[in-house]
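Notes for the one structure printed next.
The values are calculated or read from the model by the stated rules, or taken from the named source; none is laboratory data. As the structure is a prediction and not an experimental result, all values here were calculated from the model. Here the Cβ is made from the backbone with ideal geometry for all residues, glycine too, and neighbour counts use every protein chain on show. Please note that ligands, DNA and RNA were not included when accessible areas were found on the heavy atoms of the full protein model with its side chains. Shrake-Rupley method; radii C 1.70, N 1.55, O 1.52, S 1.80 Å.
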Amino acid sequence: MIVVLIVACEVGFWVLLALGLALRYLARMPRTGAVVLLLEPLLELVLLIVTAVDLKNGAPADWKHGLAAVYIGFTVAYGHYTIKWVDGHFAHRFAGGPRPVQRYGLARAKHEGKLWVRTVVMAAVAAALLQLAIWYVGDGGDTRSLHEWQFTTLRIVAVHGVIALTYLIWQKKDPGRTTVDEEAARPPQKTLR
């Protein structure tokens with residue numbers, strides 16, 4: 001039941017997001033669209049309550065409860081960012097909004113570092129929820145799976161940290177900008193008089 005609810009929350013997230021943005025930009029109802037977007041956190045609240053009730057009713061703490069905690073942590077850390085990112089692209093595509101910013105070089109590395117901080121927040125929220133579940137189940141229950149999920153969140157932080165670091169070490173250049181060396185290597189342009 002928990003897995004089905006996680007899938008339903010994920011589908012519900014994207015449905016509410018699409019509906020909210022469609023109301024905001026296509027139907028020209030920005031307030032109604034904002035209200036629909038504000039319903040997003042209710043999905044995670046429902047998931048949290050159902051997970052707690054499931055554990056309270058004696059369900060063994062297993063990978064499904066760990067996945068629910070990580071999903072809630074991800075939504076806390078990345079939910080607003082994802083909505084803002086999709087909103088910017090939707091506004092550009094359907095409402096004549098500005099083109100989303102493409103980052104290169106140090107700006108891209110800084111952006112990736114900020115995303116890594118969001119992953120740290122995700123791991124902290126998930127680990128805290130998992131610890132609460134471990135205490136909730138108590139000594140009488142098997143909580144190995146929940147402990148494993150806590151270590152999984154640490155591995156996610158480490159892997160994402162390495163990936164973010166690569167953007168600092170190997171910075172991608174803006175294809176639209178030329179460097180001083182490239183300018184010097186170009187042959188001189190002939191001028192017509």
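Descriptive notes on the structure:
- In the full protein context, the chain carries 67 Å² of accessible surface per residue, based on a 1.4 Å probe and ignoring ligands, DNA and RNA.
- Sparsely packed trypsin sites (Lys or Arg not before Pro) within segment 3-49, loop by DSSP, other Cβ within 10 Å at most 11: ARG28
- Largest to smallest accessible area among TRP149, TRP85 [probe 1.4 Å]: TRP85, TRP149
- Relative contact order computed over the chain (Cα-Cα under 8 Å; 6+ residues apart), in percent: 23
- Angle in degrees between helix 2-21 and the longest Cα principal axis of the chain, rounded to the nearest 10: 40
- CD proxy at 222 nm, helix term only [per DSSP H run n ≥ 4: -39500 (n - 2.57); per residue of the chain; nearest 500]: -26000 deg cm²/dmol
- Taking a ≥ b ≥ c as the square roots of the eigenvalues of the alpha-carbon gyration tensor, the chain is classed oblate because a/c is 1.5 or more while a/b is no larger than b/c.
- For segment 57-141, the set of trypsin sites (Lys or Arg not before Pro) satisfying both a DSSP loop assignment and a count of at most 15 other C-beta atoms within 10 Å is given as ARG103.
- When the listed pairs LYS64/LYS110; LYS56/LYS114; LYS84/LYS110; LYS84/LYS172 are checked against a 30 Å cut-off, the alpha-carbon distance exceeds it for LYS64/LYS110; LYS56/LYS114.
- Note on the chain: with neighbouring protein chains present and a 1.4 Å probe, carbon and sulfur make up 67 percent of its accessible heavy-atom surface.
- Solvent-accessible ranking of THR153, THR82, largest area first, probe 1.4 Å: THR82, THR153
- Segment 8-118: C-alpha gyration tensor shape, a/c 1.5 cut-off, then a/b vs b/c: oblate
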